[in-house]
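These notes concern the structure reproduced below.
Quick note: the coordinates plus some simple rules give every number you see, no bench work behind them. Keep in mind that this is a model prediction, so the values were computed, not measured. Cβ atoms come from the backbone with ideal geometry, glycine included; neighbour counts cover every protein chain shown.
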Amino acid sequence: MKVSLAGSTGSIGLQALDVIRQAPDRFEVVALGANRSVAELAQQVAEFRPQVVAIGDTSLAEELAASVPPGVEVLAGQEALATLGEQGDVVLNAVVGFAGLPVTVTALRTGRRLALANKESLVAGAPVVQAARARRGAEILPVDSEHCAIHQCLGDRRHVGPGTGRADGTGSAPPPPVDVSRLIVTASGGPFRGRSRAELADVRVEDALTHPTWKMGPKITIDSSTLMNKGLEVIEAHELFGVDYDRIEVVVHPQSIVHSMVEFCDGATLAQLSEPDMRLPIGYALAYPDRLDRSLGAIDWTRLGRLDFHSPDLSTFSCLALAYEAGRLGGSAPAWLNAANEVAVEAFLEGRLAWLAIPQVVEEVLAAHRPAALREVADVLEADAEARRMAALAVERRAAAA
Ligand code: MG
């Protein structure tokens, strides 16, 4: 299997290379790309010898070209990152945030398997992504642990249809599997589980960056602390599996052992359990329908102890409720939700916005949402840009008032 890896220097990218390193007879890296980490990328090129390497920041192209072996094609710029979507048999999109959209769309439009670790592209660009997913040969294998769990519980691939193309060029989620009554998406609850609003007034960046069970990049770790990550995952689950929002439930499960569940119409519930290790879903998405013959995350049942489940606190962690709202609105609303969240999270990480103000910014921007038809990537970029402008103003207003 020839693998093209976009976002190879991030947390998922590094773990994917570890999976590939352990199965050299199964996988071959044909393309690698990162946004700015040029030294690390050059090191990866030396080890994995891809034919193509792409760097998003054009100012680093010369440095990269000088440090890779002759014969490796060096591409630069954001368009170059998108061309990683048309390399190999499977494209692993591990780009962080909305910037991953072109990779997602290119991979599907060229009829490839997309191993999707970039939920934002599917959430924000669903009408465009679903239309691309309806292309012959195109398929999405979720790398997100929850959706990978649901995919495993659904088992037989007839449960998961392709995206549905519409006459106007947009697409929608596949029809839901007929025998599924509910998807139960588990959430660790993040570092602030159980705290009240008052206790969260002075959250520091370091506190929010400390996740109890998963080691991840900064953006998703903050999203986990606000439950926006779970909100984006609810939309992702709807788009991947076609199940209505009324039948997608989030439960807090602090141990992060049950990665999600599917309840069938006869009352049976299937769950996928493993120790939290992202290399398992990465390997699953790359090797599907086979399984890796290396055990990652196997459970020691004698030490497991207990598994707890309870309802999320939607008033303190209102990002989850906002995501349901945007998902139900559909169209361009999830793009607005996502853009506002990315702006707010960046401002929080830079110390310009309070943690409690993240959902406020998202709510304010979502309330101003103007629906637009998303037929092309350009339409999604426009919706994203408009929402970002509004979110930036909302952040500034709060900074000025503080
Ligand atoms: Mg997840």
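For ALA76, the amide hydrogen comes within under 5 Å of the amide hydrogens of ILE55, counting only partners 5 or more places away or on other chains and with H modelled in the peptide plane. By the count of other C-beta atoms within 10 Å, a proxy for reagent exposure, TRP214, TRP355, TRP336 are ordered fewest to most as TRP214, TRP355, TRP336. Across the options ALA126, TRP336, TYR288, the greatest Cα extent toward the positive end of the charge dipole of the chain (unit charges at beta carbon of Lys, Arg, Asp, Glu) belongs to TYR288. Relative contact order of region 2-144, taken over Cα pairs closer than 8 Å and 6 or more residues apart, is 22 percent. Charge dipole of the chain (Cα centre as origin; +1 on each Lys and Arg Cβ, -1 on each Asp and Glu Cβ, all else neutral): 320 debye, rounded to the nearest 20.
Per residue of the chain, the DSSP helices (runs of n ≥ 4 H) give a summed -39500 (n - 2.57) that works out to -12500 deg cm²/dmol at 222 nm.
Rounded to the nearest whole Hz, the Karplus-based 3J(HN,Hα) values (6.51 cos²θ - 1.76 cosθ + 1.60, θ = phi - 60°) of region 334-344 follow the sequence x, 5, 5, 4, 5, 5, 4, 5, 4, 5, 5, with x at glycine and proline.
Taking the Cα centre of region 213-320 as origin, work out the dipole magnitude from +1 charges on Lys and Arg Cβ and -1 charges on Asp and Glu Cβ, in debye rounded to 20.
On the way: 9 positive and 16 negative charges, 97 e Å.
Value, rounded to 20: 460 debye.
Springs between Cα atoms under 10 Å define the GNM used for the chain, and in it the highest mean-square fluctuation of ALA167, ALA99, ALA115 occurs at ALA167. With N as its number of residues, the chain has a Cα radius of gyration that, divided by 2.2 N^0.38 Å, comes to 0.94.
Taking a straight line from the alpha carbon of LYS2, these lysines sit under 24 Å away, with near neighbours fewer than eight places off in the same chain left out: LYS119.
Spin-label model, GLN22/THR110: points 7 Å from Cα along the beta carbon direction are separated by 2.8 nm. Across region 238-250, rounded Karplus estimates of 3J(HN,Hα) from the backbone phi angles (6.51 cos²θ - 1.76 cosθ + 1.60, θ = phi - 60°) give 4, 5, 6, 10, x, 7, 4, 4, 5, 10, 10, 10, 9 Hz, Gly and Pro being marked x. Mind running the shape call on region 2-144? Use the C-alpha gyration tensor, a ≥ b ≥ c as the square roots of the eigenvalues: rounded below 1.5 for a/c, prolate if a/b tops b/c, oblate otherwise. Prolate.
Could you put HIS151, HIS211 in order, starting from the residue whose Cβ has the fewest other Cβ atoms within 10 Å? Write down the numbers at each step before the final one.
Numbers: HIS151 25, HIS211 18.
Taking fewest neighbouring Cβ atoms as first place, the list is HIS211, HIS151.
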